[in-house]
Structure formats: C-alpha cells, structure tokens
Amino acid sequence: QVQLVESGGGPVQAGGSLRLSCAASGFIFSITGLGWYRQAPGKQREWVAGISRGGSTNYVDSVKGRFTISRDNAKNTVYLQMNSLKPEDTAAYYCHVLWATRDYWGQGTQVTVSS
C-alpha cells in the first residue's frame with residue numbers, strides 16, 4: 001500500500017534551515033507529482049510546494065525564495081529545503097500524493113521556529 005514517511009523536522013531558530021524528507025513507497029514514484037502541506041495549530045492545512053513528475057515546481061507565495069522542493073527518483077524521496085525560517089513557518093509538515101484517485105498523507109513532521 002501507499003506509504004509516505006516524513007522526517008527532518010525539529011526546533012530551529014529564526015533564520016535557520018531545515019531539510020525535510022519524505023520517503024515514499026507503494027506507487028510508481030517516478031511518474032507522480034507530489035506536494036508538501038503544512039498545518040499550524042488552529043489553522044487549516046495549507047499547500048506549501050509541489051513538484052511534477054518532470055521536476056517542475058510551484059510554491060505558495062509566502063515561501064517563494066526560501067523553500068525548495070526537489071525529488072530523487074532513485075531513492076523514491078521528495079525533499080523540502082527550508083531556509084530563512086520564520087516563526088510563522090511553525091507547523092506540522094505533511095507529504096502528499098494523489099494516486100489512483102485517492103489522497104495519501106504521511107504522518108507529518110513538526111517544525112518549530114523560535115524567534
């Protein structure tokens with residue numbers, strides 16, 4: 001079955017960096033677009049970044065120029081490099097894939113940015 005396992009979150013000071021990883025299995029990774037979402041306490045889950053099967057990327061305006069999504073098809077892994085982190089980036093970050101008309105999510109990894 002489809003599995004997405006995120007890692008790499010943790011506490012960080014404002015201005016710092018983290019790299020999130022999402023290890024995927026159970027579907028044909030190389031032909032599938034993937035995305036990162038985040039959810040802060042008391043807020044709705046929001047889309048952060050996406051990467052197509054061809055490597056095209058898109059970002060929410062609030063992270064453009066600071067976050068970079070990438071993929072390694074040999075490792076079935078998608079990454080989110082987060083630089084210049086701000087307290088408002090604090091959230092649980094989730095990996096997402098749409099496969100065979102179903103949405104799949106990882107368990108999330110917490111990012112906490114202190115000022």
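Taking the condition of being among the hydrophobic types (A, V, I, L, M, F, W, C) and surrounded by fewer than 15 Cβ atoms within 10 Å (Cβ to Cβ), how many residues in segment 34-49 meet it? Count: 2. Checked against (1) open to solvent by less than 50 Å² (accessible area, probe 1.4 Å); (2) free of Cβ contacts under 8 Å to residues at least 60 places away in the same chain; (3) outside any strand (DSSP E or B), Arg53 passes all but condition (1).
Within segment 3-24, being open to solvent by 20 Å² or more (accessible area, probe 1.4 Å) and either over 19 Å from Ile69 (Cβ atoms) or among the hydrophobic types (A, V, I, L, M, F, W, C) (or both) holds for Gln3, Val5, Pro11, Val12, Gln13, Ala14, Gly15, Leu18, Ala23.
Ile31 meets all of the listed conditions (1) under 22 Å from Ser114 (Cβ atoms); (2) hydrophobic (A, V, I, L, M, F, W, C); (3) surrounded by fewer than 17 Cβ atoms within 10 Å (Cβ to Cβ) but one, namely (1).
The values are calculated or read from the model by the stated rules, or taken from the named source; none is laboratory data. Here the structure is a predicted model, which means the values were calculated and not measured. With ideal geometry, Cβ positions are generated from the backbone for all residues, glycine too; neighbour counts draw on all protein chains shown. All accessible areas refer to the heavy atoms of the entire protein, side chains included, with ligands and DNA or RNA removed. Shrake-Rupley method; radii C 1.70, N 1.55, O 1.52, S 1.80 Å.
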